[in-house]
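The values are calculated or read from the model by the stated rules, or taken from the named source; none is laboratory data. Keep in mind the model is a prediction, meaning the values are calculated, not measured. A quick note on method: Cβ atoms are made from the backbone with ideal geometry, for glycine too, and the neighbour counts reach across all protein chains shown.
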Amino acid sequence: MRAVPRENFLADPYRRDAYQDRPLPIGHGQTISAPHMVAIMSDALRLEPGLNVLEVGTGSGYHAAVTARLIRPGGRLTSIEYVPQLAAVARENLRRSGESSVEVVAADGSRGWPAGAPYDRIYLTCTAMRFPPPLVDELAPDGLILGPIGGEPARLTRAHRAGETWIEEDLGACAFVPLRGQYGLG
């Protein structure tokens, strides 16, 4: 995380607060996650080089930049952002930060991204009542999915398949903006 300059993913008025451990506004009613939450999620995903990863909720691109570094070499990251203007900002932020390997797509992330499936890891940076079915369908047989699930407070939830059984683990309370789109909250 030290290798990714968080200030590169914030607008000028918020850059002075880049290293405060809290979410900050990035426009369009969205936020950049607190550094501790990015660290917790990265650890919970068990990221390693070579994984194919899908991120739902690019925001300004900070979490994607951290993930991209953790899956090198050979990893692939596709990040979906619902707000087209934020997707454009994220692309520029990632380019400026040297993370040209991240594919940022402006689309409804709740519907998944079949073009890159199956994914070894999928994570949501926004709250959903449950994991959207298209995302579960795009998860590799031995993959992990992680996201804030449920009402207020949401619970950071990690899930995977064990044969025919779906197993969910509660990793604690968290607060995120709502998932938007067909399977979203907002």
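Taken over segment 25-73, the residue count meeting the criterion of being free of Cβ contacts under 8 Å to residues at least 60 places away in the same chain, surrounded by fewer than 20 Cβ atoms within 10 Å (Cβ to Cβ) and in a loop (DSSP other than H, G, I, E, B) is 7. Would you call Gly27 in contact with a Phe, Trp or Tyr (Cβ under 6 Å, 6 or more places away or on another chain) and at positive phi? No, not satisfied. Scanning segment 118-131 for residues that are touching a residue at least 60 places away in the same chain (Cβ under 8 Å) and either buried (at least 16 other Cβ atoms within 10 Å of the Cβ) or in a strand (DSSP E or B) (or both) turns up Tyr119, Asp120, Arg121, Ile122, Tyr123, Leu124, Thr125, Cys126. Candidates in segment 74-103 are the residues that are at pLDDT 95 or above and part of a loop (DSSP other than H, G, I, E, B); of these, the one that is surrounded by the fewest Cβ atoms within 10 Å (Cβ to Cβ) is Gly74. For segment 146-179, the candidate set comprises residues that are in a loop (DSSP other than H, G, I, E, B) and among the small types (Gly, Ala, Ser); within that set, the residue that is nearest to the chain's Cα centre (by Cα) is Ala175.
Please work out if Ile145 is closer than 12 Å to Ala44 by Cβ and in contact with a Phe, Trp or Tyr (Cβ under 9 Å, 6 or more places away or on another chain).
On the way: closer than 12 Å to Ala44 by Cβ: yes; in contact with a Phe, Trp or Tyr (Cβ under 9 Å, 6 or more places away or on another chain): yes.
Judged against the criteria, Ile145 is a match.
Tally time: how many residues in segment 1-24 are outside any loop (DSSP other than H, G, I, E, B), among the acidic types (Asp, Glu) and either touching a helix residue (DSSP H, G or I) at 6+ places or on another chain (Cβ under 6 Å) or at pLDDT 95 or above (or both)? Before you say what the answer is, go through the steps one by one.
Going residue by residue through segment 1-24, those that are outside any loop (DSSP other than H, G, I, E, B) are 6-9, 12-15, 24.
Now narrow it down to the ones that are among the acidic types (Asp, Glu): 7, 12.
Filter once more, keeping what is either touching a helix residue (DSSP H, G or I) at 6+ places or on another chain (Cβ under 6 Å) or at pLDDT 95 or above (or both): 7.
Counting residues in segment 1-24 that are outside any loop (DSSP other than H, G, I, E, B), among the acidic types (Asp, Glu) and either touching a helix residue (DSSP H, G or I) at 6+ places or on another chain (Cβ under 6 Å) or at pLDDT 95 or above (or both) gives 1.
For segment 104-117, a residue qualifies if it is in contact with a strand residue (DSSP E or B) (Cβ under 7 Å, 6 or more places away or on another chain), surrounded by fewer than 22 Cβ atoms within 10 Å (Cβ to Cβ) and in contact (Cβ under 8 Å) with a residue 60 or more places away in the chain, and exactly one does: Gly116. For Gly61, state whether it is within 13 Å of the chain's Cα centre (by Cα), modelled with pLDDT of 95 or more, within 13 Å of Leu146 (Cβ to Cβ) and of a type outside the set (Phe, Trp, Tyr). No; evaluated as a whole, the condition is false for this residue. Among residues that are in contact (Cβ under 8 Å) with a residue 24 or more places away in the chain, part of a strand (DSSP E or B) and in contact with a Leu (Cβ under 8 Å, 6 or more places away or on another chain), Gly143 is not included. Being among the aliphatic types (A, V, I, L, M) and over 18 Å from the mean Cα position of the chain (by Cα) is the filter; apply it to segment 4-18 and report the residue that is farthest from Ala88 (Cα to Cα). Among those that are among the aliphatic types (A, V, I, L, M) and over 18 Å from the mean Cα position of the chain (by Cα), it is Ala18.
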